1. If Leu6 passes every condition in (1) modelled with pLDDT of 80 or more; (2) in contact with a helix residue (DSSP H, G or I) (Cβ under 7 Å, 6 or more places away or on another chain) but one, which one does it miss?
2. Looking at the stretch 108-132, which of its residues are surrounded by 22 or more Cβ atoms within 10 Å (Cβ to Cβ), modelled with pLDDT of 85 or more and not in a strand (DSSP E or B)?
3. Taking Glu138 as meeting all but one of (1) modelled with pLDDT under 90; (2) within 15 Å of the chain's Cα centre (by Cα); (3) within 16 Å of the ligand (Cβ to nearest atom), write down the number of the exception.
4. When you scan the stretch 71-81, do you find a residue that is modelled with pLDDT under 70 and surrounded by fewer than 18 Cβ atoms within 10 Å (Cβ to Cβ), even just one?
Amino acid sequence: MRQLGLSYAQMQRKLLEDTGIHLSKASISYWLRGIPDPSGSLNRFRPDPSPELSYVIGVALSDGNINVHDYHREILLSVTDRDFASEFSRCLGRVLGRGEPYKVRWSEKRGRWIVQGSSILLHKFLNCNWFNLRKWIEHCGKCESAFLRAFYAAKGQYAARASVSMIRIEKCCCIFKICFGTLASNRHSCT
Ligand SMILES: [Zn+2]
């Protein structure tokens, strides 16, 4: 975008149009100069529909352990189910354009598997009105089933935990119904 001679305000607008993500001018400036942004990493993220992105959305919307800190722009999953953590690490790695999955580390203190990634762009994307994420969830049968897999994995976690985030569960049930209401509409297909 810089090569096109766009101003920060124009870049801001273009980014918003192309990806639906609003970035501050300061973040764009840090990004262009290649200076690590103090508020978090600008890992590569394009909101192209894919089963992996759908899975990440499913985790972000359903699991109370996903923390997107304001300061760190961190996307963190901390769970007892190793397979859940591994699948999330694979999907997150794919979504953020890494050649490999994120590291799944075991925390002795918490007794949990932890996956940690950071990206301002993905943070902004996931932090928007969750209703807008329907487009990605409903993209095709594969995207829908990836979302549901994340939903069920998170549900297993809820069952294992004493405290439950009801708001997140309600949100997820609502999305769940939306998905089932539209499962027949497989207009696209992810490979
Ligand atoms: Zn799809």
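1. The single condition Leu6 does not satisfy is (1).
2. Within the stretch 108-132, Leu122, Phe125 meet the criteria.
3. (2)
4. yes
The values are calculated or read from the model by the stated rules, or taken from the named source; none is laboratory data. Here the structure is a predicted model, which is why all the values come from computation and not from measurement. Glycine gets a Cβ as well: all are built from the backbone with ideal geometry, and neighbour counts include every protein chain shown.
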